[in-house]
């Protein structure tokens, strides 16, 4: 094998490994049952990165208003590429992102379906402005977001 062929093979292998490292570690049908919640969006902290830079999830703060397991709790929810309408997500995360929300605005009320184990679904960059002050709270993954 020539040196150039070897280097090309190394680059292809490294690129493949990078793609695999941010791919979900499970399939959508393997996620635990979704946790339903109706919640008011309290805060969209900082500034969301542009979608064309990289794939990311962005953590936002909600106040649960509806009855259920999370009733009256303040929760942190990670949304995949929140600048895009949920229905327009067509990449590898499509099985893990659904709903009809077109944008995220403070004060909006959403019907959410959440997964409690974010790390099982998302291994890529997480933009979490709350991490410095709050490392203990659960970061939920938003499987589905619809207007309430």
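Read-outs: derived from the displayed coordinates by stated rules, not from any lab. What you see is a predicted model, and the numbers here were worked out from it, not measured in a lab. In this analysis, Cβ positions are derived from the backbone assuming ideal geometry, glycine residues included, and neighbour counts consider all displayed protein chains.
Restricting region 61-112 to residues that are free of Cβ contacts under 8 Å to residues at least 12 places away in the same chain and touching a strand residue (DSSP E or B) at 6+ places or on another chain (Cβ under 9 Å), the residue that is nearest to residue 47 (Cα to Cα) is 89.
Scanning region 103-135 for residues that are surrounded by 14 or more Cβ atoms within 10 Å (Cβ to Cβ) and outside any loop (DSSP other than H, G, I, E, B) yields a count of 12. Could you please find all residues in region 48-60 being in contact with a strand residue (DSSP E or B) (Cβ under 9 Å, 6 or more places away or on another chain) and surrounded by fewer than 18 Cβ atoms within 10 Å (Cβ to Cβ)? Of everything in region 48-60, those that are in contact with a strand residue (DSSP E or B) (Cβ under 9 Å, 6 or more places away or on another chain) and surrounded by fewer than 18 Cβ atoms within 10 Å (Cβ to Cβ) turn out to be 48, 49, 55.
Confirm whether residue 116 is over 15 Å from residue 58 (Cα atoms) and free of Cβ contacts under 8 Å to residues at least 24 places away in the same chain. In short, no. Among the residues making up region 136-148, those that are part of a strand (DSSP E or B), farther than 11 Å from residue 60 by Cβ and touching a strand residue (DSSP E or B) at 6+ places or on another chain (Cβ under 6 Å) are 141, 143, 144, 146.
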